[in-house]
Amino acid sequence: MLPVDFIDYFNKFQLEASNASPEDFSDKLNLFTSLLFLICTIVITLKQYVFNSMSCYIPVHPTGKDFENFLSDYCWVHGTIPLRHDEPMPKTPEEWSIYEKQRRISYYQWVPFVLGLQCIFFYIPHIAWQAVCAHRSGGDLFALVKAAADAAISERGSRKSQVKRVAEFLEDMIDGHKDCRHGRRMNLTRRAYDMCGICVVSKRLGTCLVFSYLCVKIITIINAIMQVYLIQRFLGFYADGSAGQKSMQLGKPYETNSAAMSNQENEDLEGFGFGLTVANHIRAGRDWPETILFPRVAYCRVPGIRLVGAENAYTAQCALPINMLNEKIYIFFWFWICFLIAASIFSLLLWLVRMVIAPRRKDFIKRFLRIKGIRSRTGQEITRADLDEFIDDYLRRDGVFLVRMLAINAGDVITSEIVMALYEHYIDNVYSVDNTPQKSLEKEPLKDGSGIPSNYV
């Protein structure tokens, strides 16, 4: 199911209406990020487990055709130790032991698994929103948006019937969630809840979908922030340069020129993170021999091989071409996720403004009614009170939210036709057959010929 979803989503970039969904740009960007992680997982897995990911060389080694294979496999499993170009080679077992504790890297064995885990994490918000749409909305919102998007690209003859089906679906959903209880006490209760906005979550109040969507947005942001933290911890990077920045000699740390320069640079960049540090290295023309981040060549100590009754230790030099890919992938993802965090935060704030501020909701719906023009099927004069009640009492926040999603994914033309059908359905329910209002409304006559009060805000 997961690969099929990724393939279907990729087709969205060909502007196919069949892949429309009740999500905005940042949501689809988050899902596309999951696709990127999946692709990188496949590439790294093939490189590590199908092709050669590490080659180790030792000048003098015991006879036997399998020793070099054993050496490469041992170093791959055990991990390697990178050295800067101006650092001396450790000579004693004690020196190697210190390097083992402070320098040994073995993250490259786990890269495909961590990338796969990150792929799943970025897919979780989409699954959560799908669950809300399927079980808390009263209908399949993904099918609703898809039907509206299909209507947008259909021929004029069939478009009317498709729009009618979408409008009827929305009507049934809105009517099904409507609180039919009446009375002075219930009216006061509704007013009190309405003053609380989206803080009170209920289908009957028309805030369930909006609140759930904002929660999914927050989950997306938290997940992205945690992914940046995971990348830095997984690679053993610390903003203060404490990991892998010191050199050792005779079991005691000492500072080489490149190590001192790296420490000073990391102190300057403390708190900014892995991506900016590596970008600064690239800008300064400093490669991995100085920074020992993603080393291409490292050393491996193979102790205690028993040969003819004696134990011999060997030191191998290993090439790690896989780190060329790892470096590019993680630098890209660090900046990409930072961009995703910014886009998600902006989207969250934008939706808060859209759903919390009443004039924004009313102006949005009013725009679609103006596109089609308002005509009362009962012959009654359309008033500001009618429009206010249509937006606040009939559509409510969840209805306005769904109209927003339709506009994002299907376009303004189809959305205006759907809103007009909803308004006509609302008018039919408000007015009786003999054109007598079923409830008292504060009438305010029209000021222009657009069908909307000129002083309506």
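The values are calculated or read from the model by the stated rules, or taken from the named source; none is laboratory data. None of the values given here were measured: they were computed from a predicted structure. Here Cβ is always computed from backbone atoms with ideal geometry, including for glycine, and neighbour counts include all displayed protein chains.
Note on the stretch 53-103: residues that are at pLDDT 80 or above, assigned to a loop (DSSP other than H, G, I, E, B) and among the hydroxyl-bearing types (Ser, Thr, Tyr) amount to 1. Residue count for the stretch 130-157 under the criterion of being in a helix (DSSP H, G or I), in contact (Cβ under 8 Å) with a residue 40 or more places away in the chain and within 21 Å of Ser416 (Cβ to Cβ): the result is 9. When we screen Tyr99, Tyr74, Tyr57 for residues that are exposed (fewer than 15 other Cβ atoms within 10 Å of the Cβ) and of a type outside the set (D, E, K, R), the only hit is Tyr57.
Taking the criterion of being hydrophobic (A, V, I, L, M, F, W, C), on the phi < 0 side of the Ramachandran plot and modelled with pLDDT of 70 or more, the residues of the stretch 261-313 that qualify are Phe274, Leu276, Val278, Ala279, Ile282, Ala284, Leu293, Val297, Ala298, Cys300, Val302, Ala313.
Examine the stretch 33-51 for a residue that is touching a residue at least 60 places away in the same chain (Cβ under 8 Å), hydrophobic (A, V, I, L, M, F, W, C), buried (at least 16 other Cβ atoms within 10 Å of the Cβ) and farther than 30 Å from Ile124 by Cβ, and state whether such a residue exists. No, because not a single residue in the stretch 33-51 is touching a residue at least 60 places away in the same chain (Cβ under 8 Å), hydrophobic (A, V, I, L, M, F, W, C), buried (at least 16 other Cβ atoms within 10 Å of the Cβ) and farther than 30 Å from Ile124 by Cβ.
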